[in-house]
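A short worksheet on the structure shown next.
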Amino acid sequence: MTETPTYTPPAIWTWEKASGGRFANINRPIAGATHEKALPVGRHPLQLYSLATPNGQKVTILLEELLELGHAGAEYDAWLIRIGDGDQFGSGFVGVNPNSKIPALLDRSGAEPIRVFESGAILMHLAEKFGALLPTAPAARAECLSWLFWQMGSAPYLGGGFGHFYAYAPVKIEYAIDRFAMEAKRQLDVLDRRLAESAFIAGPDYTIADIAIWPWYGGLVRGAAYDAAEFLSVHEYANVVRWAAAIADRPAVRRGRIVNRIVGDPSEQLHERHDAGDFLTGTEDKRAPASS
C-alpha cells in the first residue's frame, strides 16, 4: 500500500469547508428545510417524490409490479426531486421526509394522508397494503424481511463506501477503496451463495427482497453502477449475474427503472409519471423538461 499524508483529527470537528467531490454541494451537518416549497399533488392516491437512484427505483419498480398484478389502487403520480438542486430541502419534502432523502411517499388513499419514508419502509407499506410480493407464511415472511433489511444495512457500504471512494471522492485513497472493495465483494459473495440454492433472494418466489436488492447489486453486476464491474470482477458471481438478468427482463422492472430518471439515453428517461400512457413512445410532451 502506498503512503498517504497523515491526518490528525482535531479535538472537536467543525464544518469549515465543503467536503469536496461529487454531491458536496448537498452535504451538510444539519437537518431541516432550507427554503419554502410546497409539493405538487396529482390525482392518484399514491404520491411519490423521488429520483431514479437505486433507492428510488425500488419503489417505482414495486408500484409497476403491483399494477402488473392488477392492483388498480397502486396507480401513482411520481414527481421528480432533483437532489443536485436541493429539492429535498424544500419545506414540503421535509414535511414528508424529515431526513431529506429520496424516495418519500404520501399515501392519500385513506381519511388522513400517511407519510412513509425510507425505501424499505415504503416497500413494506405497499406490499402489506396490497397483499402482494411479501409472503404471509411466518418462515417465508421472516426470510423475505431478513433479506430486505440485509439490503438496507449493506447498501451504504456499497454506495456511500465503495461507490463514493472509487467513483466520486476528489482524491483516490487506496486504504478506503481497498476496504470497501473488499466489503462489496463479500456482499456479492453472500448473494451468490444464496442464489446458488434459490431462484430468487427469499426463496422460489419473486418478492420485495429482490426488488430492494436488484437496483443496487443487479446494477453493479450489469455494469450500471460506478463503472466498476471489471474492477470488482463481477463475472465471478455467476448466480448474481443470472438473477440480475432475469429480473431486468421483467416488463414492470423495465418500466419502473426509468421513472424519475434524468441521466443516460433520453429514451430511457421518464422524468415524471402520472399514468400508464406516459411510457408510450412519442410522448415527450408528458416528460418533465430538463430544466424543471
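Looking at the chain, what % of the alpha carbon pairs are farther apart than 36 Å? Working shown, then result.
Working: 7528 of 42486 pairs.
Distances greater than 36 Å cover 18 percent of the Cα pairs.
Relative contact order of segment 138-255, please, whole-number percent, based on alpha carbon pairs below 8 angstrom and at least 6 residues apart.
Details: 106 pairs, mean separation 30.0, N = 118.
The normalised contact order for segment 138-255 reaches 25 percent.
Rounded to the nearest 20 debye, what is the charge dipole size of segment 138-255 about its Cα centre when +1 sits on each Lys and Arg Cβ and -1 on each Asp and Glu Cβ? Kindly include the intermediate steps, with their values, before the conclusion.
Details: 12 positive and 13 negative charges, 56 e Å.
Around 280 debye, computed over segment 138-255.
Have a look at ALA252, ILE201, PRO156 and report the one farthest towards the positive end of the charge dipole of segment 138-255, computed about the Cα centre with Cβ charges (Lys/Arg +1, Asp/Glu -1).
With unit charges placed on the Cβ atoms, the residue in question is ALA252.
Compare the Cα positions of ASN25, TRP243, GLN269 along the charge dipole of the chain (+1 at Cβ of Lys, Arg; -1 at Cβ of Asp, Glu; about the Cα centre) and return the one farthest towards the positive end.
Towards the positive end, the residue furthest out is ASN25.
Once you sort the root eigenvalues of the Cα gyration tensor of segment 137-180 as a ≥ b ≥ c, which label holds: rounded (a/c under 1.5), prolate (a/b larger than b/c) or oblate (the other case)? Before the final figure, lay out the partial values.
Working: a/c = 7.35, a/b = 4.02, b/c = 1.83.
The shape class here is prolate.
Note down the relative contact order for the chain as a percent, whole number, built from C-alpha pairs under 8 angstrom at least six residues apart. Numbers along the way, then the final one.
Values: 421 pairs, mean separation 60.5, N = 292.
So the answer I get is 21 percent.
Using Cβ contacts closer than 10 Å as the measure, can you line up VAL263, VAL253, VAL96, VAL240 from fewest to most?
Values: VAL263 9, VAL253 24, VAL96 19, VAL240 27.
Final ranking by Cβ density, sparse to dense: VAL263, VAL96, VAL253, VAL240.
Can you give the charge dipole size of the chain about its Cα centre, rounded to the nearest 20 debye, using +1 on the beta carbon of Lys and Arg and -1 on the beta carbon of Asp and Glu?
Working: 28 positive and 34 negative charges, 67 e Å.
Rounded to the nearest 20 debye, it is 320 debye.
Semi-axes of the equivalent ellipsoid for segment 138-255, please: Cα gyration tensor eigenvalues, times 5, square-rooted, ordered largest first, whole Å.
25, 15, 13
Can you show me the helix-derived [θ] at 222 nm for the chain, built from DSSP H runs with n ≥ 4 at -39,500 (n - 2.57) apiece and divided by the number of residues, rounded to the nearest 500.
Values: 8 runs with 97 residues, N = 292.
Taken over the chain, the calculation gives -10500 deg cm²/dmol.
Bear in mind these aren't lab numbers, they're just calculated from the coordinates by the rules spelled out. Just so it is clear, the structure is predicted and the values come from calculations on it, not from any experiment. Glycine gets a Cβ as well: all are built from the backbone with ideal geometry, and neighbour counts include every protein chain shown.
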